[in-house]
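Remarks on the structure that follows.
The values are calculated or read from the model by the stated rules, or taken from the named source; none is laboratory data. These numbers were taken from a predicted model, which means no experiment stands behind them. Glycine gets a Cβ as well: all are built from the backbone with ideal geometry, and neighbour counts include every protein chain shown.
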Amino acid sequence: MPHMAVAEDLEVASFLKGQPKKLFIGGRWVESAGGKTFATHDPATGDVLAAVAEANAEDVDRAVAAARKSFDRGTWRELPPAERAKVLWKIGDMIEERATELAQLETLDNGMPINDALLFHAPLAAATFRYYAGWVTKLDGATQQVSFPGQYLSYTLREPVGVVGQIIPWNFPLLMAAWKLAPALACGNSVVLKPSEETPLSALRLAELMQEADIPDGVVNVIPGYGEVAGARLAAHPDVDKIAFTGSTDVGKLIAKASADSNLKRVSLELGGKSPNIVFADADITRAASGAFLGIFFNQGQVCSAGSRLFVQEKVYDQTLDELLKTVADTRIGPGMDPVNQMGPLVSRTQMERVLGYIRTGTQEGARLMVGGDRPEGLDRGYFVKPTVFADVDGKMRIAREEIFGPVVAAIPFSDEDDLVAKANSTIYGLVAGVWTRDVARAHRVAHALKAGTVYVNCYHVVDAVTPWGGYKQSGWGRELGPYALDLYTEIKNVIVDIA
Ligand code: NAD
């Protein structure tokens, strides 16, 4: 496989020169214990982007030991809260200052359009650190009015959980790292982060920035490696107090099991989805169609909350699909580094083949292929798949039930509200839903009836550090972001003092 040449004038050039990239353990950059490396690729060309040290079980043990040491010594959790807040704020500033470099890294490693990386991912990662910097000085407890005979002062303390293992996917590598690290650190924990083997680079660069921002040694450890080796060891490690996982539902179940079988570590899970995006006949159809486009094709459909089931009321079904198809026809697809492209490649050959397999299944199951369905001409080195729309999909078809995680939408007609709610909720997932209507009462009624962690009304993919994130049913356990994430990374201690 050819090793790609990165243009010297790219901000990311100097980071990519220093290869192989090492593991970050105990505040030092080290080789893996087994001396092995793995290659990460540019999905727009298939070329090797960088060699990265591959963490094995021994490296996980080293990283957990470093995190434990820093936690027990209190080098981070016992710093004055205002000092810890300053460090987190500084990390946010550094992400903002290095946004172009981080965005280039994200696009080269993951494939996403550079404008998305620059305008969405990097700023949101910075905002997440700043938001949680604000919480460090506000992790208050409460007092309780006790009726037990006698006289007591009862109060609660919010304490860090301890050593936190964090495992993240490849679809939003930098942002997922920020969502995990910022609240865990705000609460005073020490962390071992395992990025995806597909996209390890932005987390490593973030670790360098955190080091520059004076995060104490051992408080953050970043160890790229394979899921079945490094991820599995982290999830089963007896000295990890909590595991936070974002990824597929199947692996989420393995994480929960590994926790139960080892030390019952706390577990939070952000898993897959098959989200309904719903267009009622009274909606602004032009806006709804562009919301349907954004809902499924943003990040090439590799989004846990992708609106992959498009429910359209029968009366406006043809009109909505026509408008959606027009937008698809105007979409530019190509390497993410070229800012004219609105869609880039999928992350890997495996992912591309998986998605093309689902497209074949959809056709075999009898769904009507309206557009797309194959790879674009002239881009055969990279892992591109055309935006694909299936119409007249039946809820029983696999393309309507399983998470494809690619640019494929299943359009499903519905008659009325009751029919819609039953169909939309008939999935094992419950991450998000979109509702397009001009009827305010209907919007709220349907929002209440849908089993989803987030319901967007007349919008889609609005994400902010302050809004809770997580799913019903098999889309996960717990809520990230906002104040809700603080519950994931703290234990509540109750102190009761006899003051009679
Ligand atoms: P994945 O489950 O294959 O991998 C996720 C992470 O888990 C990776 O770091 C991987 O190395 C690791 N892993 C794999 N096997 C493991 C094991 N046996 N033990 C421990 N760790 C293991 O998911 P992916 O393909 O990287 O990402 C796509 C999935 O992530 C989709 O299902 C998507 O919906 C989900 N996702 C969810 C959210 C959310 O917030 N709910 C956000 C992004 C992605």
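The figures follow:
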quantity	calculated
Counted residues, the range 370-416 - those being among the charged types (D, E, K, R), over 22 Å from Ser248 (Cα atoms) and surrounded by fewer than 16 Cβ atoms within 10 Å (Cβ to Cβ)	7
Sole residue being basic (Lys, Arg), at pLDDT 95 or above, within 18 Å of Pro169 (Cβ to Cβ) and part of a helix (DSSP H, G or I), chosen from Lys253, Lys274	Lys253
Set Glu228, Glu198, Glu208: member being within 11 Å of the ligand (Cβ to nearest atom), in the same structural domain as Gly92 (by TED's automatic domain parsing), more than 17 Å from the chain's Cα centre (by Cα) and of a type in the set (D, E, K, R)	Glu228
Selected residue (criterion: surrounded by the fewest Cβ atoms within 10 Å (Cβ to Cβ)) from residues of the range 63-103 that are of a type in the set (S, T, N, Q) and in contact with an Asp or Glu (Cβ under 7 Å, 6 or more places away or on another chain)	Thr100
Residue within the range 490-497 that is crowded, with 20+ Cβ neighbours inside 10 Å and not assigned by TED's automatic domain parsing to the domain that holds Thr361 present	yes
Among the residues listed as Glu323, Glu314, Glu270, the single one being under 30 Å from Asp109 (Cα atoms) and of a type outside the set (S, T, N, Q)	Glu270
Matching option when the condition is more than 16 Å from the ligand (Cβ to nearest atom) and either assigned by TED's automatic domain parsing to the domain that holds Gly188 or outside any helix (DSSP H, G or I) (or both), among Leu294, Leu264	Leu264
Filter result for Leu16 (more than 21 Å from the chain's Cα centre (by Cα), assigned to a helix (DSSP H, G or I) and over 26 Å from Ala235 (Cβ atoms))	yes
Cross-chain or 6+ apart pairs with Cβ under 7 Å, the range 174-192 first and touching a residue at least 60 places away in the same chain (Cβ under 8 Å) and over 25 Å from Asp72 (Cβ atoms), then assigned to a strand (DSSP E or B) and of a type in the set (Ser, Thr, Tyr)	Met176/Thr246
Scope the range 381-404; condition under 26 Å from the mean Cα position of the chain (by Cα) and of a type in the set (A, V, I, L, M); matching residues	Val385, Val389, Ile399, Ala400, Ile404
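Here's the yes/no breakdown for (1) assigned by TED's automatic domain parsing to the domain that holds Val316; (2) more than 16 Å from the ligand (Cβ to nearest atom); (3) touching a residue at least 40 places away in the same chain (Cβ under 8 Å); (4) outside any loop (DSSP other than H, G, I, E, B):
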| residue | (1), (2), (3), (4) |
| --- | --- |
| Gly357 | yes, no, no, yes |
| Arg360 | yes, yes, no, yes |
| Gly366 | yes, yes, no, no |
| Arg381 | yes, yes, yes, no |
| Ala422 | yes, yes, no, yes |
| Gly430 | yes, no, yes, no |
